[in-house]
Structure formats: C-alpha cells, structure tokens
Amino acid sequence: MITIDFDSEKIYKTGRTPINLQNFRKPLGRVHIIAERCKECGYCWTYCPKEVLEKSDYVNKNGYHPPRVKKGRENDCVACGMCEAICPDFAIFVEEIKNE
Amino acid sequence: MVEEIVHPKDAYLRSDRFPHIWCPGCGLGIVLKSYVDAISKLDIPYNNHVLVSGIGCTARLPGYANVDSYHTTHGRAIPFATGLKIVNPELQVTVISGDGDLFNIGGNHIIHAARRNMDLLVVCVNNFNYGMTGGQHGATTPEGARTSTTPYGNIEHSFNLPYIMSSLGASYVARWTSLHVRQLTRSIMKAMKIRGFSFIEVISPCPPNFGKYNRFSDGLSQMQFFYENSVLDNNADLSEAYIDFTGKRPLIVGEFVHRIRPSYIDLEKELIRKAMEEP
C-alpha cells in the first residue's frame, strides 16, 4: 500500500501563492462624451474591450451620431482608456472613480 | 442645457479650433493625441517643445497643438527644424509631416538629416498618397495599389521608409500603425530622450482617397486591416518590410533600430571646443 505524504504547507511554498480577492477591486470608470466634436468614425465602440459603447440616436450639429453608454452597462467600464486613446477627435475621455 | 465638459488634454491643444478639419476616420487625430500625451508625461519643460511641419493634411497638426509651432514651405520642414536645433540646442524639435512632404518633395532633406544624425524627432504619417490634393499616387504608394492617378494599379516600386532610414544611420527607427496608440506614445517618449536622428513611421488610414480606391469603405475597415495583418517583429529584416495591401505580406511593425552614434550637435560642440583650445 502506497501512502502519499500530503503536506499542504509545502505545496503553498513551492507553488504560486493564491491572491486574496478581498484586497483587489475592479476599477470603475465613467465615460464622458463631448458630443459636438464627434465625427462618427466608430473606433470607440469597435475597440472598447468591454463593449460598453454603442452608436446613439442623437444627431450633433454636424450631423454625426456620437457614441453613448449601453443601457445597463454603466458599471462595466474598467477605465482602461482605450476609447480615449483611439478617438481622433478628442471627443471622449474616461474618468476613474475612486471611492475609498 | 448641456454641461460644459473639458477634455483632459485640452490644456495642450488650441481647443478653440476644434473640431479639426480632418475627415472622419483619419488617423491624424490619433497621432496628435499620442504627441500631446507624450509631452504631458515627459519631464522636458513644456516651453522647450517645438513642432515643425511642411504642407499637407498632416502639416495642419502643429496648428492644433498648443506648443511653439512652424508651418513651413512644402518639403522644407527638416531644414527649418535643423536651423532651430543648431541655433538653440536645448529645444526639443519634433517634425510631424506626411509622406508626400517628407519623402516626395523633401526627400533629399530627410536623407541628409539622417546622414548627419541631426538631433531631431521625425514622425512621418504615411497614408500612401497625396491626401489633400485628391489622392494622387506618390513614392510611397504600394505596388498594385489604386489611386486617382493610377486607376489600373500602381506599377512603380514603393519606398520602404524604415529601410532607407536605417541604412543612413538613424539612431532610432520604428514603425507603428495608428491603431497602436500606446506603443506609438511610448515610442515618441523614448525617441525624445535619444540624442540623434529618430524616425517613426505611422501608417494611417485615408478613407476618402486611398481607402475609397482600394476597397476600404471607411476608416474602420482600414483599421481592421491593420488589426488583422500587423505583426510585431523588432528584429525584422527591414529589406523585406515592404507594405502591400493584398494581404499576402504581413504588415511588420516594431522598434527596428536603436543604435548609439554621436549626434551632430555633440560633434559640433566637440569641434568648437577643440578649435578654441588651439593657439
């Protein structure tokens, strides 16, 4: 009969230490859209990794449809800043909300 | 009543001129954003930045950045920038101009600036045609691509910009597309710290001219082409780094060259010191 010497302490020392999820918080971002600068290129809603943005029905003074945050996805933005970086018209930016 | 929101980068922009003149889907706004992002993060004093450009769509860019800027004659951005740098070596001189301005009309100037290893950062925004004048073909138009003056396909061999600059001894050579925003910002920040000639090629969509003739219906489809075909290879064989839009050849991007060579300003200072010592 083979007995396996199972030492949990040893496993924890050799392997990767598990992270404590209580100490980590998913960042939360709020998207601000300057609607009158938008030219509807579609980069923000195509390259948003969390798919938070979509085309809106609102028409700005130049006749373009600016983006808007999808209904019910307001808390899904993780403030990665991709929309801010990719927007050629300086029409969108993300503010990270920090409530401690 | 719409509440007034101010973009965080508006402090570095002449925001009263916005929205800018560039077409929907143009990559030039992204290059402007990368530039202002880089100067906002670097520790170089804000007043030391100078932005020089020639003529073309890209050359409108200094008009939107709130730094000292020069909109010079066609193709002569590099001589203006060289003069600025020699007279005032503490300035951080950046040239942002298009492929038509830097390589077609001003081709000779950029070759000699790279040969001298002049302390400049040159960002060439390549959209493969003359965008402002109606999409005529130029020296950077890929073989086989259609433009308004080559409706049956271009038969000329195109320039391979990183290969030319590398062969002339530039200190830093990189190529990105306008989709690689963060890499481009990091690249500009790195190149501003390098003494010597730094060259960054940015491949940009041109939806109403180059895109229209090459079956890219809008800027987004051209961006998707970059997304699907670009391959990061920092040690690429630059002689093979040609661009074509057939999809057969990958679009090689990366930081290709980073070599340490004495720059023109360093050599000039050394020469003056030696000459003053002699009796």
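Please report, ordered by residue number, the helices (runs of 4 or more DSSP H) entirely within the range B:23-130 with at least 2 residues that are within 14 Å of another protein chain (Cβ to nearest Cβ), in contact (Cβ under 8 Å) with a residue 40 or more places away in the chain and in contact with a helix residue (DSSP H, G or I) (Cβ under 7 Å, 6 or more places away or on another chain).
Per the criteria, B:28-41.
Checking B:F225 against (1) farther than 17 Å from B:I30 by Cβ; (2) in a helix (DSSP H, G or I), which test does it fail?
For B:F225, the failing item is (1).
Could you grab the pairs with beta carbons closer than 9 Å, sequence gap of 6+ or different chains, first residue in the range A:77-100 and at the interface with chain B (Cβ under 8 Å from one of its Cβ atoms) and assigned to a strand (DSSP E or B), second one surrounded by 18 or more Cβ atoms within 10 Å (Cβ to Cβ) and at pLDDT 90 or above?
Between residues of the range A:77-100 that are at the interface with chain B (Cβ under 8 Å from one of its Cβ atoms) and assigned to a strand (DSSP E or B) and residues that are surrounded by 18 or more Cβ atoms within 10 Å (Cβ to Cβ) and at pLDDT 90 or above, the close pairs are A:F93/A:V31; A:F93/A:I33; A:F93/A:I34; A:F93/A:C83; A:F93/A:E84; A:F93/A:C87.
Out of A:C41, A:C48, which single residue is within 11 Å of chain B (Cβ to nearest Cβ) and touching a helix residue (DSSP H, G or I) at 6+ places or on another chain (Cβ under 7 Å)?
Only one candidate passes the filter, namely A:C41.
Identify, from the list B:I265, B:I203, the residue that is of a type in the set (A, V, I, L, M) and under 19 Å from the mean Cα position of the chain (by Cα).
Matching residue, one of B:I265, B:I203: B:I203.
Filter the range B:224-239 down to residues that are touching a strand residue (DSSP E or B) at 6+ places or on another chain (Cβ under 8 Å) and either aliphatic (A, V, I, L, M) or in contact (Cβ under 8 Å) with a residue 60 or more places away in the chain (or both), then give me how many there are.
Of the residues in that region, 4 qualify.
Against the conditions (1) part of a loop (DSSP other than H, G, I, E, B); (2) at pLDDT 90 or above; (3) among the charged types (D, E, K, R); (4) farther than 15 Å from B:P24 by Cα, where does A:R73 fall short? Just the number, please.
Looking at each condition in turn, A:R73 falls short on (2).
Out of the residues in the range B:167-185 that are within 14 Å of another protein chain (Cβ to nearest Cβ) and part of a loop (DSSP other than H, G, I, E, B), state the one that is nearest to B:N235 (Cα to Cα).
Among those residues, the one meeting the criterion is B:H180.
Out of everything in the range B:5-21 that is more than 9 Å from chain A (Cβ to nearest Cβ) and closer than 16 Å to A:K39 by Cβ, what residue ends up being modelled with the highest pLDDT?
Applying the filter and picking the extreme gives B:I21.
For B:F216, state whether it is part of a loop (DSSP other than H, G, I, E, B), touching a helix residue (DSSP H, G or I) at 6+ places or on another chain (Cβ under 6 Å) and farther than 22 Å from B:A38 by Cα.
yes
Looking only at the range A:51-85, count how many residues are over 27 Å from A:F24 (Cβ atoms) and among the aliphatic types (A, V, I, L, M).
Going through the range A:51-85 one residue at a time, the tally reaches 1.
Counting only residues that are farther than 25 Å from B:V122 by Cα and in contact with a helix residue (DSSP H, G or I) (Cβ under 6 Å, 6 or more places away or on another chain), which one in the range B:140-166 is surrounded by the fewest Cβ atoms within 10 Å (Cβ to Cβ)?
B:R146
Can you name the residue in the range B:167-189 that is over 23 Å from B:R261 (Cβ atoms) and among the polar types (S, T, N, Q) and, of all such residues, is surrounded by the most Cβ atoms within 10 Å (Cβ to Cβ)?
B:S178
What do you reckon, is B:G211 part of a loop (DSSP other than H, G, I, E, B) and touching a Gly at 6+ places or on another chain (Cβ under 8 Å)?
Considered against the rule, which asks whether it is part of a loop (DSSP other than H, G, I, E, B) and touching a Gly at 6+ places or on another chain (Cβ under 8 Å), B:G211 comes out as no.
Looking only at the range B:67-114, count every residue that is crowded, with 24+ Cβ neighbours inside 10 Å and acidic (D, E) and tell me the total.
Matching residues across the range B:67-114 total 2.
Any residue at all in the range B:237-244 that is part of a helix (DSSP H, G or I) and in contact with a helix residue (DSSP H, G or I) (Cβ under 7 Å, 6 or more places away or on another chain)?
yes
Which count do you get for residues in the range B:188-211 that are within 24 Å of B:F225 (Cα to Cα) and not hydrophobic (A, V, I, L, M, F, W, C)?
Here the count works out to 7.
The values are calculated or read from the model by the stated rules, or taken from the named source; none is laboratory data. Since the model is a prediction, treat every value here as computed from it, not as a measurement. Note that we place each Cβ from the backbone using ideal geometry, even for glycine, and neighbour counts take in every protein chain shown.
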